[in-house]
Amino acid sequence: MEISTIITMVIVLGIVWGGLAFFLIRAIKYEKIKFKNGEK
Amino acid sequence: MKQQEFFSSRWALIIATVGIAVGTGNIWRFSRIVAQNGGGSFLIPWVIFLLIWSVPLIIAEFAIGKSARIGPVGAIAKTAGKKFGWMGAFIVFVSTAIMFYYSVVTGWCLRYFFSSFSGNLFKVNDYLVYWNNFANGSEPLFFHLIAISFVAFVVIRGVTKGIEKATKFLVPSLLIILLILFVRAITLPNAIEGIKYFFTPDLEVILDYKVWLNALTQNAWDTGAGWGLILVYAVYMRKKEDIPLNAALIGFGNNTISIVAGITIFSTVFALSSVDAMTQVSQSGPANTGLTFIYLPLLFSKMTGSDTINIFFASIFFLALFFAAFTSLISMIELSTRTLIDFGLKRKRAVAIIAISGFILGMPSALNINVLANQDWVWGIGLILSGAFIAFAIMRYGIDKFRTEIINGYGSDIKIGKWYNYIIGILIPIQVVVLILWWLISSVSWDPEWWNPLHVENAGTAIFQWAIVLTFFIALNKYIVARTLNNNLD
């Protein structure tokens with residue numbers, strides 16, 4: 001695999017899949033906090 | 001009118017909204033556009049436009065819907081001023097006009113699922129002839145009726161018992177099926193060649209302005225940003241619900257699914273194609289159906305030596321397409337339904353009117369693929385205007401006020417910074433102007449009679465149909481806005 005292919009793969013997957021994972025983790029975290037505070 | 005229905009949780013809202021965003025565009029349009037625009041060269045601008053078009057507009061739709069608590073006509077009137085309610089009506093009309101033919105497309109997916117499941121699809125010698133016989137007959141009409149009836153049955157039950165319940169089953173099922181297909185595709189021999197093509201950039205192609213414009217239109221298409229659909233679901237979000245984090249999840253989640261679908265299709269085509277794989281992926285076919293309904297069935301028939309396994313994979317592929325189309329169609333019918341509810345109608349009557357008129361007005365597209373292609377062309381570009389109207393509404397309201405009071409207001413988990421002002425105030429208008437001009441200029445260059453409104457895909461037909469709709473709504477603006485807002489006094 002060429003280096004340019006690997007770089008593109010890292011950038012695209014890093015931003016899109018990494019972004020999704022980042023926001024998903026934060027959403028779960030905030031939901032847990034809300035649940036702890038008694039909100040349902 | 002006191003609001004009675006809400007999505008029961010954050011996850012219910014997110015799943016339903018992912019159902020809007022993930023449609024057939026993620027699976028078949030995305031792969032074709034990537035192939036036509038140089039593989040990896042396309043992905044870089046596509047990711048950039050996710051950040052400067054899709055996510056900001058999804059945030060805007062969530063915020064307008066949550067604060068206005070009314071469908072697009074009233075929401076735009078409340079946000080931009082009563083003089084501009086016609087913009088909301090145009091947004092509704094564009095998505096409704098798309099719904100008419102999208103129901104036909106949903107029916108195609110269902111029909112191909114049945115053909116695969118019964119094994120009939122693999123008894124075919126020529127898939128182009130098979131497709132043409134199907135598309136030019138009366139069968140699409142029957143499946144259009146089935147699709148719109150199923151969706152009406154869901155929407156008539158309301159938000160919690162209908163839309164939430166259906167999407168909670170359909171969206172996770174769709175994701176599981178896509179994952180199974182993904183694993184099968186990347187483990188096929190030679191699949192790595194498809195993955196390589198998918199991610200390999202061509203530095204000459206990446207400088208071509210057409211690649212950037214296609215990346216923008218693909219984002220406008222497949223995330224559902226600017227359609228008014230997310231705005232309507234946001235009407236049913238609880239007051240304590242967050243906006244920015246949910247919007248980011250929808251945008252990134254949608255594009256994640258596009259990548260999964262793209263890798264699946266490229267791996268399959270490169271692994272199983274005996275002829276030039278790229279020609280097959282990038283071929284358009286009638287109404288862009290070539291790859292999905294003509295070439296992929298052929299590849300599925302060659303996937304393994306076992307007919308049973310081939311039937312299984314083809315069936316779940318078309319089932320996934322059907323689920324993707326179905327959940328998007330639910331949101332389109334809910335958008336029109338909500339607009340009639342705002343007008344004072346009860347949900348049952350509103351759904352009945354929309355389903356019956358949707359069936360009747362979708363008939364020409366079901367019976368003649370050129371009508372479908374024309375409507376896809378006219379209202380597909382119309383979505384760019386819808387996105388522009390949403391950005392305009394925020395500008396009229398005051399972008400900074402909108403950001404600090406509504407987006408970052410009660411319930412928000414994360415705060416949006418001033419960068420949002422520049423995107424809505426500068427970048428979105430630039431993107432709209434460039435995109436519309438490009439569409440018109442390229443349309444003029446490929447059709448000498450570019451002004452002729454009777455042609456399938458040219459500037460004339462788009463401008464002509466937009467003008468009729470815009471004139472109608474501008475003329476009736478006072479009446480539409482007054483009736484909508486009077487029925488929804490707090």
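Of note:
- Charge sum, other residues only, whose C-beta stays under 14 Å from B:GLY224's C-beta, Lys/Arg counted +1 and Asp/Glu -1: -2
- Solvent-accessible surface, computed for protein heavy atoms with a probe of 1.4 Å, shrinks by 50 Å² or more for the following residues of region B:391-423 when the other protein chains are added to the isolated chain: B:ASP413.
- Relative contact order of chain B, pairs being alpha-carbon contacts under 8 Å that are 6 or more residues apart, as %: 32
- Taken over the Cα atoms of region B:168-266, the convex hull encloses 124 Å³ per residue.
- Filter on B:LYS168/B:LYS196; A:LYS34/B:LYS346; A:LYS34/B:LYS165; B:LYS78/B:LYS210; B:LYS168/B:LYS302 - keep pairs with C-alpha separation over 26 Å: B:LYS168/B:LYS196; A:LYS34/B:LYS346; B:LYS78/B:LYS210; B:LYS168/B:LYS302
- Table column - 3J(HN,Hα) (Hz), region B:65-75, Karplus curve with 6.51, -1.76, 1.60, x for Gly and Pro: x, 5, 7, 7, 6, 7, x, x, 4, x, 5
- In this assembly, the B-A interface accounts for approximately 2400 Å² of buried accessible surface in total, computed with a 1.4 Å probe and without ligands, DNA or RNA.
- Cα pair distances exceeding 40 angstrom across chain B, given as percent: 16
- Remark: region B:149-161, residue by residue, has Karplus-estimated 3J(HN,Hα) of 5, 4, 5, 4, 4, 6, 5, 5, 7, x, 6, 6, 7 Hz, where x stands for each Gly or Pro and the curve is 6.51 cos²θ - 1.76 cosθ + 1.60 at θ = phi - 60°.
- Per residue, in Å², the accessible surface of chain A once ligands and nucleic acids are set aside, probe 1.4 Å: 70
- For the protein assembly as shown, the ratio of Cα radius of gyration to the globular rule of thumb 2.2 N^0.38 Å stands at 0.93.
- Applying a DSSP loop filter and a limit of 15 other Cβ atoms within 10 Å to the GluC sites (Glu not before Pro) in region B:150-244 leaves B:GLU204.
- Note on region B:362-411: Rg/Rh from C-alpha atoms, Kirkwood Rh, equals 1.34.
- Carbon/sulfur fraction of accessible area - the protein assembly as shown, other protein chains in place, 1.4 Å, %: 68
- Average accessible area per residue (Å²) across chain B - probe 1.4 Å, nucleic acids and ligands excluded: 36
- Note, ³J(HN,Hα) from phi for region B:39-56, Karplus 6.51, -1.76, 1.60, rounded to Hz, x at Gly and Pro: x, x, 4, 6, 5, 5, x, 4, 5, 4, 6, 4, 7, 10, 10, 5, 4, x
- Positive contributions from Lys and Arg (+1) and negative ones from Asp and Glu (-1), summed over other residues with Cβ under 9 Å from the Cβ of B:GLU241, come out at +4.
- Principal axis extents of the C-alpha atoms in region B:101-165 (largest first, rounded to whole Å): 46, 22, 13.
- Of the GluC sites (Glu not before Pro) found in chain A, those in coil by DSSP whose Cβ has at most 15 other Cβ atoms within 10 Å are A:GLU2, A:GLU39.
- Estimated from helical segments only, the mean residue ellipticity of the protein assembly as shown at 222 nm is -23500 deg cm²/dmol, where each DSSP H run of four or more residues counts as -39500 (n - 2.57).
- With Cα atoms defining each centre, region B:384-450 and region B:92-130 are spaced 34 Å apart in the structure.
- Long-range tail of P(r) for region B:13-84 (Cα pairs > 17 Å, %): 61
- Restriction of the trypsin sites (Lys or Arg not before Pro) in region B:283-365 to DSSP coil positions whose beta-carbon has at most 16 other beta-carbons within 10 angstrom yields B:LYS302, B:LYS346.
- From the alpha carbon centroid of region B:161-207 to that of region B:11-42 is 9 Å.
The values are calculated or read from the model by the stated rules, or taken from the named source; none is laboratory data. Every value quoted in this text rests on a predicted model; they were computed, and no experiment measured them. For neighbour counting, all protein chains shown are included, and Cβ atoms are generated from backbone atoms with ideal geometry for every residue, glycine included. The area values use the complete protein model at the heavy-atom level, side chains included, leaving out ligands, DNA and RNA. Shrake-Rupley method; radii C 1.70, N 1.55, O 1.52, S 1.80 Å.
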